[in-house]
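Have a look at the structure below, then the notes.
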Amino acid sequence: MGILFENVTDLDLHETLLCGQCFRWKEQPDGGFRGVVRGRAVGVRTQGGRLILDGAQESDRGMWFDYFDLGLDYGAVKRQLSAIHPTLAEAARFAPGIRILRQEPFEALITFIISQNNHIKRIEGIVDRLCEHFGEPICGGEASPSREQFAFPTAGRLAALSPDDLMPIRAGFRHRYLIDAAQKIADGTVDLESLRTLPYDEARGELMKITGVGVKVADCVLLYGLHRLDGFPLDVWMKRAMAVLFDGLSPSVFGQYAGIAQQYIFHYSRMHPELFDN
């Protein structure tokens, strides 16, 4: 059982799944990855121009096509972005296989609340514990033959909890933010799906109704959870990168694919700390 996509270009799983946009994929000794997406536990690997999903059902082909954003010509996007600035062209050449995943919006919201003032390994540990304690079990399957995995908990499940109930996940001050987020999604105070089409600033404002969600987290949710590719999350690191590498240019210069530009810049900057020694 599995799914095969042929003639896949501009996709490097290591660059895409370990760049900090998602937190449920685990690299395997053979270079592939195992993870859980929308309650499906699968293994994923590439071979030449083929993308192989072990344990995936053929009925989910469309979901996986969308998840890896295979309908967008990233080669054309890179050419468009590279024409804007030579440093962006260099960054795109450095990590040409990064794609922006189409993640489940509620999962993106919760994981990026968790990400605040955190490093990737700790975020992954908190997310794993959250799923193990409050997600539905996914038993067996080719992607996880020897152990049980867990779906991401629903908004309704988390909304019924108190911050104290989250103590086992060890997320500290974020516990009350997570419960507030789940409650506002579950009761309709914030309608995530509607944010796909709202004007960008309005969509950001809706997310900021949630306790603990500021501009940066809202921008991450819009980009990684709602595929608003014009989003450009700015943390301290990215602000420095923009100031040093792009002479104070506004992210708006990158246009409709600013979010893809952000990933190229973030990865390039993180891999070249010597650029910021002065």
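Any read-out appearing in this document is the output of simple, stated calculations on the displayed coordinates, not a laboratory observation. Given the structure is predicted, the values throughout are model-derived calculations rather than measurements. Virtual Cβ from ideal backbone geometry, glycine too; neighbours counted across all protein chains shown.
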Ellipsoid semi-axes in whole angstrom, largest first, where each is sqrt(5λ) of the Cα gyration tensor of the stretch 2-94: 26, 15, 12
Report the trypsin sites (Lys or Arg not before Pro) located in the stretch 1-74 that are in a DSSP loop and have at most 12 other Cβ atoms inside 10 Å of their Cβ, or state none. none
Rounded, prolate or oblate (a/c below 1.5 giving rounded, otherwise prolate when a/b exceeds b/c) for the chain by Cα gyration tensor: oblate
Between Asp73 and Phe94, what's the calculated FRET efficiency when r is the beta-carbon distance and R0 is 25 Å? Round to 0.05. 0.80
Neighbours of Thr189 by Cβ distance under 11 Å: Lys/Arg at +1, Asp/Glu at -1, summed charge -2
Rounded to one decimal in nm, the spacing of the 7 Å Cα→Cβ label points at Phe65 and Leu234 is 3.8 nm
Karplus (6.51, -1.76, 1.60) ³J(HN,Hα), θ = phi - 60°, over the stretch 34-43, in Hz, Gly and Pro reported as x: 10, x, 10, 9, 6, x, 10, 9, 9, x
Obtain the nm distance between the two label points defined at Leu4 and Met271 by a simple spin-label model: each point lies 7 Å from its Cα along the Cα-to-C-beta direction. 3.0 nm
Pop a pseudo-label 7 angstrom from the Cα along the beta-carbon direction at both Asp247 and Lys121 and give the gap in nm to one decimal. 4.0 nm
Length gained, Ala160-Lys26, 0.36 nm per residue minus C-alpha separation, equals 45.3 nm
With Kirkwood's inverse mean 1/r over C-alpha pairs for Rh, give me the Rg to Rh ratio of the stretch 77-176, two decimals please. 1.12
